[in-house]
Protein chains: 2
Amino acid sequence: MMVNRGQQAFPRGEYLRRLALVKSEMARRDIDALFVSDGHNIAYLTGYTALSAYVPQGIVVSMHEEEPTFILRLCDAPAAIHQCFMERDKIIGYPEALIGNPDKDGYDAVIDYLEESDLANRGIGIETYSLAAQSSEKFRTRLPKAKLVDCTKAVAWIRLIKSDLEIEVMREAAAISDAAILRAAEVIRPGVREADVAAEIAASLIRGANGKPGTMIEQMALCSSPRTGTCHIPWSEDDLRQGSQINIELGGSRHGYCAGLMRTYSIGAPSDRLRRVHEIQVAGLEASLGAIRPGATCSDVANAFYLTIGKHGLKKETRCGYAHGIGWLEPTASLKDGDMTELKPNMTFHLMLGNWIDEDFGYVISETFRVTQSGVEVLTNVPRKIFEI
Amino acid sequence: MMVNRGQQAFPRGEYLRRLALVKSEMARRDIDALFVSDGHNIAYLTGYTALSAYVPQGIVVSMHEEEPTFILRLCDAPAAIHQCFMERDKIIGYPEALIGNPDKDGYDAVIDYLEESDLANRGIGIETYSLAAQSSEKFRTRLPKAKLVDCTKAVAWIRLIKSDLEIEVMREAAAISDAAILRAAEVIRPGVREADVAAEIAASLIRGANGKPGTMIEQMALCSSPRTGTCHIPWSEDDLRQGSQINIELGGSRHGYCAGLMRTYSIGAPSDRLRRVHEIQVAGLEASLGAIRPGATCSDVANAFYLTIGKHGLKKETRCGYAHGIGWLEPTASLKDGDMTELKPNMTFHLMLGNWIDEDFGYVISETFRVTQSGVEVLTNVPRKIFEI
């Protein structure tokens with residue numbers, strides 16, 4: 001009648017290590033409890049990756065408890081018991097009456113829990129960034145004696161630096177990304193629909209690599225001529241043709257960790273323009289990788305790219321990437337001019353060098369990397385070429 | 001150098017029809033402009049489905065303009081020009097300097113546009129439900145002379161009633177759901193990993209049906225014994241075994257429209273308990289479908305199910321479904337006791353009868369339906385059986 005804890009992606013000690021970092025930040029901010037509603041932060045601190053975040057849920061990290069308490073919809077409690085590292089008494093299911101109810105929702109259950117736990121008069125952190133205005137307001141109204149502190153991005157900054165165990169999982173995700181990029185080269189052919197290439201990629205992303213399947217599907221972007229100037233458009237029903245250029249952005253996923261990867265394909269010989277852009281972009285990519293070391297800034301990495309391609313007369317309007325790994329877009333550091341975040345070992349980024357040059361022409365290449373003690377380890381590993389079909 | 005408008009999912013007149021409904025609601029609320037930031041509402045009113053909503057974006061519907069104006073990140077403007085029904089001068093790209101910038105973001109560009117369009121002193125609707133607290137506050141602070149009106153769910157209530165053109169697209173999505181459920185029955189075998197079944201389903205969902213591919217991947221839930229008591233858990237790496245029960249929830253997707261479908265599978269003969277639950281649930285499903293007609297309430301539909309299964313000693317804790325179609329969970333009506341929303345022709349719902357009875361045992365079945373002039377049309381169409389392998 002009871003569900004058991006499943007195989008865990010990480011040992012208990014790893015979660016306690018992460019929680020110790022969070023509690024240290026909580027002490028610095030002088031709060032007793034932190035309510036974490038961001039889905040990636042929940043996964044980071046508990047192991048939970050089930051898809052229930054469309055209704056209110058979240059964990060309360062208390063300075064007075066070793067394990068966090070997860071408050072979520074009652075029907076999702078078995079998944080939490082199965083996936084989370086905590087003991088089952090730390091999983092609290094709130095009743096179905098709070099679903100689709102205009103007057104009360106799951107955040108009321110969270111606030112009830114804070115009151116019952118004698119935390120309602122203390123310093124409480126909330127992540128207003130992942131709460132709608134109404135929900136933030138509910139915490140303020142229902143907890144008038146609490147000292148509410150906005151802790152948006154507090155956990156995200158902590159998770160930016162991965163442990164070696166996390167890096168190992170990101171390597172698994174990156175191997176899946178590699179496999180999917182190579183699989184695309186096998187199925188891109190004249191007369192094949194964009195959608196059928198996407199179907200094969202999706203299957204590859206789940207089948208995985210080295211016996212380790214993908215554990216969810218990250219959305220992918222796939223476009224071909226005349227849409228290569230778009231960056232986030234879904235695949236279409238159009239057939240690929242002789243002469244088509246195809247741009248793909250995808251990422252393998254393992255236990256909530258992903259590794260982004262972009263490559264450009266050409267059916268038939270690439271145009272001179274495409275080839276030239278590719279050469280300049282790869283030179284820029286290498287310059288960027290060469291700039292990565294502890295102590296360098298995100299700005300340095302981006303500017304190494306901008307400077308190199310600028311010498312060859314090319315510009316890129318968009319940033320050169322972002323913190324990446326626990327979810328696609330970690331909302332902290334950007335690889336862009338002026339971001340003075342200092343690189344530290346085991347920070348992970350998507351070096352995203354997609355360059356949408358004209359409305360109807362763009363080129364994509366990217367790598368996922370970690371900062372090492374002395375430089376960089378590129379986690380993704382496929383040739384830095386235009387895949388010519 | 002310019003990207004052209006692509007093939008549209010709907011004719012221009014269909015978008016103007018939807019906008020006329022929205023403007024009529026705006027008149028009722030006495031506002032001149034409505035800022036729509038919810039991604040599904042944007043798709044509904046423009047045709048845009050590219051995956052750029054992780055940065056601020058949205059459309060301004062003005063009482064003084066026929067077409068809405070879409071303000072989004074500059075690099076995403078070509079996708080909007082390609083996908084949206086509006087003229088290209090209604091697509092405004094905001095500069096990259098607003099990305100990853102702690103001081104200003106894309107909502108500042110929206111507010112600038114409202115000021116330049118002489119709307120800053122008027123009644124302006126915003127959807128606070130899809131805005132973080134900080135962003136709502138920005139509208140208040142930067143538009144001190146505007147009369148800000150919370151229009152959360154205003155567009156969602158309009159889109160609950162589909163046009164015949166939209167129903168046709170949902171039929172296409174439903175045919176994809178059917179194909180994927182049947183495909184799963186072909187690949188579920190002892191010794192196959194859950195992940196490999198998920199891979200085949202994902203590929204089916206994109207390859208589509210009747211020559212019409214899926215245009216994005218809706219997340220799916222797939223679990224097998226001993227996890228059938230969980231509802232939203234991702235697939236695992238475990239092998240299926242003789243005797244395994246498998247629960248699947250999936251949905252085809254066409255141009256932002258989806259059609260959810262759930263079925264239960266058994267490798268080998270189902271247990272007596274599973275067979276008995278199945279029979280009761282199907283009786284409940286049929287009773288629910290029989291209760292659907294214009295003028296009946298959502299509560300009636302749910303209670304027909306609860307009453308029927310109750311007679312056989314079964315309970316279901318969760319609601320019986322929700323408004324569905326433009327995105328998975330339309331945030332309006334719920335098929336639950338006490339929801340007095342009156343059914344009207346061409347409202348569409350996911351009749352979601354998943355029943356997680358014990359921590360380690362659940363059964364799933366569902367259909368996507370529309371209300372007709374006199375009753376119901378079930379859009380999904382696979383046998384209401386336990387798929388026995």
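The calculated FRET efficiency for the pair A:Glu137 and B:Glu87, based on their C-beta separation and a Förster distance of 56 Å, comes to about 0.90.
Just checking the output field for A:78-87: average partner chain Cβ neighbours within 10 Å of each residue's Cβ? Kindly include the intermediate steps, with their values, before the conclusion.
Working: counts 13, 11, 2, 3, 9, 5, 0, 0, 0, 0.
Mean partner-chain Cβ count within 10 Å for A:78-87: 4.
For segment A:123-137, the Karplus equation 6.51 cos²θ - 1.76 cosθ + 1.60, evaluated at θ = phi - 60°, returns couplings of x, 10, x, 10, 9, 5, 4, 9, 10, 5, 3, 4, 6, 4, 4 Hz by residue, with Gly and Pro reported as x. Largest GNM mean-square fluctuation across B:Arg142, B:Arg171, B:Arg263, computed for chain B with C-alpha springs under 10 Å, falls on B:Arg142.
For the residues of B:193-204, the average number of beta carbons from a partner chain within 10 Å of their own beta carbon is 6. The C-alpha atoms of chain A define a longest principal axis, and helix A:106-116 lies at about 40 degrees to it.
Distance from the alpha carbon centroid of segment A:116-192 to that of segment A:297-338 works out to 21 angstrom. Under 19 Å from a label point 7 Å along Cα→Cβ of A:Thr341: give me every residue in segment B:93-119 with its amide N that close. Answer for segment B:93-119: B:96-106.
Each copy carries a label point for A:Arg5 at 7 Å from Cα toward Cβ; from one copy, the others' points are 5.8 nm away, ordered from shortest. Among the listed pairs A:Lys147/B:Lys147; A:Lys104/B:Lys138; B:Lys212/B:Lys336; A:Lys23/B:Lys138; A:Lys23/A:Lys145; B:Lys90/B:Lys344, a Cα-Cα separation exceeding 28 Å is found for A:Lys147/B:Lys147; B:Lys212/B:Lys336; A:Lys23/B:Lys138; B:Lys90/B:Lys344.
Protection proxy ranking of A:358-369, A:107-118, B:268-279, by the mean of other Cβ atoms within 10 Å over each peptide's residues and highest first, is A:358-369, A:107-118, B:268-279. Label point 7 Å out from B:Leu165 along Cα-to-Cβ: which residues of segment B:1-43 have amide N under 14 Å? In segment B:1-43, the label zone of B:Leu165 (backbone N under 14 Å from the point 7 Å along Cα→Cβ) covers B:7-21.
Each stretch of four or more DSSP H residues adds -39500 (n - 2.57); spread over every residue of chain A, this sum gives -10500 deg cm²/dmol at 222 nm. Model label sites at B:Arg5 and B:Ala27, defined 7 Å from Cα along the beta-carbon direction, differ in position by 2.5 nm. Using θ = phi - 60° in the Karplus curve 6.51 cos²θ - 1.76 cosθ + 1.60, the 3J(HN,Hα) couplings for segment A:277-289 round to 4, 4, 4, 5, 5, 5, 4, x, 4, 5, 5, 4, 4 Hz; x is entered for Gly and Pro.
Order these peptides, B:201-209, B:179-187, by their mean beta-carbon neighbour count within 10 angstrom, highest first. Let's see the in-between values first.
Working: B:201-209: 25.4, B:179-187: 19.1.
In descending order of packing, they fall as B:201-209, B:179-187.
Each copy carries A:Ala269; placing its label point 7 Å along the C-beta direction from Cα gives inter-copy distances of 6.8 nm, listed from smallest up. Per-residue shielding of B:232-240, expressed as the average number of other chain Cβ atoms within 10 Å of the residue Cβ, stands at 6.
Please state the shape class of the protein assembly as shown: rounded when a/c is under 1.5, otherwise prolate if a/b exceeds b/c and oblate if not, all from the C-alpha gyration tensor. Rounded shape, in that the Cα axes give a/c under 1.5. For B:Gly211, inter-copy separations between label points set 7 Å beyond Cα along the Cβ vector come to 4.6 nm, shortest first. Each residue of segment A:165-182 was assigned a 3J(HN,Hα) from its phi angle through the Karplus expression (A = 6.51, B = -1.76, C = 1.60, θ = phi - 60°), giving 5, 5, 4, 4, 5, 5, 4, 4, 5, 5, 5, 5, 4, 4, 4, 6, 5, 5 Hz with x at Gly and Pro.
Since every read-out is calculated from the coordinates, none of them should be taken as a lab result. Being a predicted model, the structure only gives us computed values, none of them experimental. Neighbour counts run over all protein chains shown; Cβ positions are idealised from the backbone, glycine included.
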